[in-house]
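Just so you know, all these numbers are worked out from the coordinates, no wet-lab data involved. This structure is a prediction, so every number in the text was calculated from the model and none was measured. Note that each Cβ is placed from the backbone with ideal geometry, even for glycine, and that neighbours are counted across all protein chains shown.
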Amino acid sequence: MTVVEVDELAMSYRAPVRNGGLRAALGSLVRREYKTVQALDQVSFTIGKGEVVGFIGPNGAGKTTTMKILSGILHPTAGRVAVLGDTPWQRRAPFLKRIAFVRGSQPVGGSQELTVMDSLEYQRLLYDVARPDFRRTLDELQQLLDLQLDRQLRALSLGERMRVGLAMALIYRPEVLFLDEPSIGLDVTAAAQIRRFIADHVRTTGATVLLTSHYVADVTSLCERLILIDQGKLAYDGPFAELSARLSPYAADLLESLREEDR
Amino acid sequence: MRTLSLLTFRIRQQVLEWSGAWWFLLTLVVQAVIAPLIGLFIWSAVYPDDPSITRYYVAIILVTLMTESFEQHTFSNRVYDGTLSHELLRPQPVVLGVIGENLAIRGWLTLLGAPIVLVTAIALHTTFAWQSVLLAIPGIALAAVLIFLFTFLLSLTAFWTDRVHPVVGFGSQLAFLFGGTAAPIGLLPDGWARIAEALPFYGMHGLPAEIASGKQYDGSLGYQLGWVAVLTIAAAAVWRAGIRRYTAVGS
């Protein structure tokens, strides 16, 4: 069963540009100039139910833009996208209740004075989670993520914030998870803990995951399949082993050893 | 029912959030009461024997505290720093969160500003007829809705410009001038008074304050309701255009 369908996806936007200096600044008051930035160009792929796919590429390649389109934050310029059969940017409530988008750069939004428990309780209300289900999932998450429910969000460290961000996303058991750099800024131990948690979660719930990361260990330990994107274009889509074989033997060995290490 | 519990939870969240910044809330209270206090001192010096002037301005102070809106700081900042995306992904209308924060801040301002209103009223020997105060309640509620809609509408310009504060500041100056804070509408020159009575600003401050201070109620809630409808339609249209732009460019 296909959960994510992306067909000929394109995203471009106009960015204002001008030369340096006062003359150019005054000129731009009368006539503004723009340049078109092509963030995504004819990107197509599909993701099946329960797949964990690594979405990799250099900075500015279009990974986060794709994630934002798939979760419904951005409206693409062209192409067709369906996630769980829905058009994401229509942001219909039933669709939003089935997906989660966790960003390593902003893992926890909303009120920072609240405690972790208050924030989770708010999620329960928002996502209409029945109390017994909430209690059960919370017990699991608390064990796996070592949550301190009485702490205020503003007082949490980066690693703790990421764990809370994951807990807030998973408390309503979404079917599709978009994880954008979930281990960014974390130390080795915390990053490994997050990776282990994601792997456990996928194994027990069968959730579909699309994961971006600059850390090789993240994608190699979690994903059998990789999608490589570069300058907005799809450069590779296939098994991890094949991509590593295409790279130099040294790099392939390195990737494999990192993968083993994480296991 | 679900909307109500979400709104209640959001208000509770924001009351907690703002409780950590009570000193900042105090500065907002001072900022809110300064203009009406100046009006009070000037106009009660001009008409020293008219108790309705002091009554009117004490009511204006209270109405201002109960209806202040700061969406240019709350909502617009979320557009600027991109955290609006968190709200977009929640299965609830974004405006619900904006309203929740608005009501929480108003609650704090009313609570912290109440002693100022009380001290001013006692110092100036001002009394209110309870029937007039009761009659003013629907007018104050509509004034609160009007100010929220007006400020929210102007704050939505954050989707197009990063200079939302001057835009909202200009709107606030219009409200100060034509809303009955700079001078009671009845004391404005004839032409200005007629313009002021037609604009929405009178319904934001002057009208409910006049009713609370004892002016005969003349069914002017219809005028407030009319402006509520106009501003709701305008805010909804601008929201739709703005969110289309936000989701096209991103953050």
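A P(r) calculated from all alpha carbon pairs of segment A:14-63, with 10 Å bins opening at zero, reads 18, 30, 20, 17, 11, 4 percent.
Both radii are taken from the alpha-carbon atoms of segment A:201-246; with Rh as the Kirkwood radius, Rg/Rh is 0.99.
Counted over segment A:113-215 with a bin width of 5 Å, the fraction of Cα pairs per bin, in whole percents, is 2, 12, 24, 25, 22, 12, 3, 0.
Principal-axis analysis of the Cα atoms of chain B puts helix B:2-19 at an angle of about 70° to the longest axis. Rounded to a whole number, what is D in µm²/s for chain B from Stokes-Einstein with the Kirkwood radius over alpha-carbon pairs (10 °C, 1.306 mPa s)? The diffusion coefficient I find is 84 µm²/s.
Within the straight-line cut-off of under 18 Å between alpha carbons, the aspartates and glutamates reachable from B:K215 are B:D49, B:D50, B:E197, sequence neighbours fewer than 8 places apart in one chain being disregarded. Considering only B:S69, B:V15, B:V58, and ranking their Cα positions along the charge dipole of segment B:1-93 that arises from unit charges at the beta-carbon of Lys, Arg, Asp and Glu, the one farthest toward the positive end is B:V15. When only alpha carbons of segment B:29-90 are considered, Rg and Dmax amount to 18.4, 59 Å. Shielding by partners for peptide A:123-130, expressed as the average number of C-beta atoms from other protein chains within 10 Å of each residue's C-beta, is 3.
The Cα trace of segment B:147-189 gives Rg and Dmax of 12.6, 39 Å, the first to one decimal, the second as a whole number. On the principal axes of its alpha-carbon atoms, the protein assembly as shown has extents of 95, 59, 39 Å, going from largest to smallest. Placing +1 on the Cβ of every Lys and Arg and -1 on the Cβ of every Asp and Glu, with nothing else charged, gives chain A a dipole about its Cα centre of roughly 1140 debye. Efficiency by 1/(1 + (r/R0)^6): what FRET value for B:I122 and B:D218, r their Cβ-Cβ distance, R0 = 41 Å, to the nearest 0.05? FRET efficiency, B:I122 to B:D218: 0.85.
Enclosing the Cα atoms of segment A:2-262 in their convex hull gives a volume equal to 166 cubic angstrom per residue.
Highest mean first, the peptides A:146-155, A:97-106 sorted by other C-beta atoms within 10 Å per residue fall in the order A:97-106, A:146-155.
Normalised by the number of residues in segment B:2-249, the average gap of Cα pairs under 8 Å and 6 or more apart makes the relative contact order 26 percent. List the lysines whose Cα sits under 30 Å from the Cα of A:K49, skipping any in the same chain fewer than 8 residues away. Leaving aside lysines fewer than 8 places away in the same chain, those within reach of A:K49 are A:K63, A:K68, A:K97, A:K233. Computed on chain A, with alpha-carbon pairs under 8 angstrom and 6+ residues apart, the relative contact order is 25 percent. Each peptide in B:208-215, A:25-32, A:168-175, A:73-80 was scored by the mean count of other Cβ atoms within 10 Å over its residues; highest first, the order is B:208-215, A:168-175, A:73-80, A:25-32.
Only bridges with both residues in chain A count here: give the DSSP antiparallel percent, nearest 5. Mind showing how you got there, number by number?
Details: 26 of 44 bridges.
In chain A, approximately 60 percent of DSSP beta bridges are antiparallel ones.
Other residues whose C-beta falls under 12 angstrom from the C-beta of A:M67 contribute a net charge of +1, scoring Lys and Arg +1 and Asp and Glu -1. Look at the alpha carbon pairs under 8 Å that are at least 6 residues apart: their mean separation over the length of segment B:1-96 gives a relative contact order of 22 percent. About its Cα centre, chain B has a charge dipole of approximately 720 debye under the convention of +1 per Lys or Arg Cβ and -1 per Asp or Glu Cβ, with nothing else charged.
Principal-axis analysis of the Cα atoms of chain B puts helix B:51-67 at an angle of about 10° to the longest axis. In chain B, the calculated helix contribution to ellipticity at 222 nm averages -25000 deg cm²/dmol per residue, counting -39,500 (n - 2.57) for every DSSP H run with n ≥ 4.
Applying 1/(1 + (r/R0)^6) with r as the Cβ-Cβ distance of A:E242 and A:R135 and R0 = 45 angstrom yields a FRET efficiency of 0.55. Taking the longest Cα principal axis of chain A as reference, the axis of helix A:188-205 is set at about 70 degrees. The P(r) of segment B:107-215 has a tail past 20 Å containing 51 percent of all C-alpha pairs.
How much length would be gained if the chain were fully extended between B:A114 and B:V95, taking 0.36 nm per residue of separation minus their Cα-Cα distance, in nm to one decimal?
My answer for the length gained is 4.0 nm.
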